[in-house]
Every structure is written in C-alpha cells, then in structure tokens.
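In what follows, a structure is listed as structure tokens, so that the remarks can point back to it.
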Amino acid sequence: MIDDDPAAERQTRELDWNLLRSFVVMAESRSITDAARRLRLTQPSVSTALRRLEDRIGKRLIDRGPGRYELTRAGALLYREAVEIHGAVHRLSTLMRDVTDEITGHVRIALASHVLCPLFDRVLAEFHARHPQATLSISVLSSGSALASVAARTASFAICLVHQRDPKIEYLRLYREFFGLFCGPPHPLFGREGLRQTDLAGHSAVSFETDRLHDALRAVTLLRAESELSERIIGTSSHLEEVRRMVIAGLGIGPLPLHVVARDVADGLLWRLPPYVEPPAVDVHLAWNPSARLNRAETGLLSALRGAIASTPIAARTYTGATPGTTDGHARRRTGQQPG
C-alpha cells in the first residue's frame, strides 16, 4: 500500500531508527548530560542527535534550558510511539529464530517481587515438561515497571499489582492475597500476646513504594492509617524481600502478604500484629499486550496460564496464609495455605 502523503513517505524513508532509540533514552533522562551518560556518548553528540531528530520531525521535542528539561507535546507523542517501535525491533531476533526453529522460543516474564503462587509454579513445570526446548527469563520489577514492559512489548507478559488499567493491555486476576502487619525480633511488640490495634499507635513503619492512597496498595495504606502508625515511614522498597528485611531488622512495623511470610512466622523471624480479622485483600494480575506478536513459546505459556486461571475457582486461588483451625493469625509452629 502506497502512502498518499509524499511528506510522510519521505519522512518514513529518511528517518534514522537509531535516532529514535537515542530519543527514548533522552526522554527517560533528567538532562542531556544524564542521557549522554546512559548512552555512553559525549554531551555534544547527544545534543546534535536531538537537533537532527527535531529537524527531521520538524518540531521541538524537548523544552530545555537552565533548570528546565521536559518533553513538549510533540515529544511526548513521539516518545509513546518510539517505545512501541523499540519493543518491536527488540523482538525481531526472537521472531526470526522461530522461522527457522519452530520448537525453540524464548519467554520474557516481568514479575513483581512478592509473587508466590502455586498455580503459576505448576503451569511453569507442566509447560517445561511439554516443551523442554523453550527458554525463559524472569525479571523482578516494580509492578509499574512490569506493566510498562508489557506495554512496550519487551516482556511477553507480567504478573503484578494493577492500579490504573491501560486500555491497550488485557488483565486477568491470577490470585488474591491478604496483607497483615508484622514486626521483627528487635521490636518492643514482638512476641506479645493479646495485643489490640490501638497498641500499634505511634510506632514507626516501613512499607512498599506503592503504599499510597492513589496507588496499588491503597488497602494497605488504609490499614496503616486505621492502626494509627506514625505517618513517617522509616524505609520503603518496591521489593518484598527488602521490606521483609527492614521489618525483621526492627526498623518498624510493615505490611507483608500472609501466605508469603507464613514460614517466617513459624520460624520466629516475624510476629503478626493486629488486626487479625478481615485483613485487606490485594489482587495480583496476569497482564499481556494483545497487540504484541508472540512467538510459539510465549503463546503456549500464556495460553496455558490463562487456561489454568479459567479452570480454577477463585477460592482455590485465594491465599490466606493461615492453617485451617487457627484464628489468631499467628500459626507459630505451623505453615500452610489454601491449595493453588
């Protein structure tokens, strides 16, 4: 099909894709100097590349000056398109390999750090048993970064928390988990029985970066507020392992998924704090980009995971972290969870 717009045709023919790749880095940087460092180029080279792209596009892309560096409206539009183009180019090598080798394919999974899901583990094991030549890589990212990689088509799919839904991405709830408040051995509340929620008032807290009213862990934010913990959060991280580390070290009281830390509670590394009833529920989703062209391995694993979700009732994908028969939420020498 021939483009009826000669200017658009000429721009398509003459546009340097390397300039677009460099522009993506510039758009994600804080300054030209920062972009030069990331690109491992000199600052004048990056400035020249930006001017060349602006001349080719015919619009100013970054409003820059003393103390000012931000995308223009045209720059923001170009950035969104360039990210998708970069993702498509990134996948070319895998797609070309599939042409000559229909058995081998690579799956790139973007995973939030707190994912502990027997259903997902079972699907992975069964998929590998059926397709041993397929390979995969798992990147542990913040939920926001995981979703961004799906939108950019650099990840096959993501398993993460979801706050604001992108209409270009499809979502399925993979499982539901419940959060509780915990402290570590150095904390003055550790090991104390009969605590009430009011006993937590004024104590310092540690938490996740998404523990905000306008973010994915809004329910956890409300839990902290109801417990009247100190508004000053001592430490934050996007990785569960680091939040857990800070709680165990006694930096403060922190929220953690009940089923993920059941073993730590049983081993005496963590102590469950009130409230023990009706803990906040958080849903973890499978997310994928329906416009992405997937190889056979990606398509197979994604289909297997979606099929397992569809055939498994949500009750069996809800992880409470408590062994049946325990009511206080501690289960100090017992571990267990709902079947996945």
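Some observations on this one:
- Whole-Hz couplings from phi, Karplus 6.51/-1.76/1.60, listed for region 256-270; x for Gly and Pro: 9, x, 4, 6, 6, 9, 4, 5, 5, 5, 5, 7, x, 8, 9
- Point-charge dipole on Cβ atoms (K/R +1, D/E -1) for region 6-89, about Cα centre, debye to 20: 220 debye
- Among 309, 239, 257 - extreme Cα towards positive end, dipole of region 221-311, charges at beta-carbon: 309
- Shown for region 158-238 is the translational diffusion coefficient from the Stokes-Einstein equation, using the Kirkwood radius over Cα pairs, a temperature of 20 °C and a viscosity of 1.002 mPa s: 146 µm²/s.
- Taking amide H positions as modeled 1.01 Å from N, with prolines and chain starts lacking one, the residues under 5 Å from residue 209 and 5 or more places away or on another chain are 237, 238.
- Among 176, 293, 68, sorting on how many other beta-carbon atoms sit within 10 Å of each Cβ, with the fewest leading, yields 68, 293, 176.
- Region 6-89: projected area of the alpha-carbon convex hull, averaged over directions, in nm²: 5.4 nm²
- Considering only 42, 72, 27, and ranking their Cα positions along the charge dipole of region 6-89 that arises from unit charges at the beta-carbon of Lys, Arg, Asp and Glu, the one farthest toward the positive end is 42.
- For the peptides 245-253, 228-236, 152-160, the ranking by mean Cβ contacts within 10 Å, running from highest to lowest, is 152-160, 245-253, 228-236.
- With the simple model of a label 7 Å out from the Cα in the direction of the Cβ, residue 176 to residue 303 spans 3.0 nm.
- Assuming charge only on the beta carbon of Lys and Arg (+1) and of Asp and Glu (-1), the dipole of region 176-282 about its Cα centre is about 60 debye to the nearest 20.
- Placed amide H near residue 229: partners under 5 Å, 5+ positions off or other chain: 202
- Calculated from backbone phi, Karplus (6.51, -1.76, 1.60) coupling profile of region 282-287 in Hz, x at Gly/Pro: 10, 9, 10, 10, 8, 10
- Sorted into 10 angstrom bins from 0, the C-alpha pair distances of region 176-282 split as 16, 56, 27, 1 percent.
- Residue 249 long-range amide H proximity, modeled H, under 5 Å: none
- Residue-wise HN-Hα coupling along region 228-240, computed from phi with Karplus coefficients 6.51, -1.76, 1.60 (Hz; x: Gly, Pro): 6, 5, 4, 5, 7, 8, 5, x, 9, 7, 8, 10, 4
Since every read-out is calculated from the coordinates, none of them should be taken as a lab result. Fair warning: this is a prediction, and the values are worked out from it, not measured in the lab. Cβ coordinates were reconstructed from backbone atoms using ideal geometry, including for glycine residues, and neighbour counts include every protein chain displayed.
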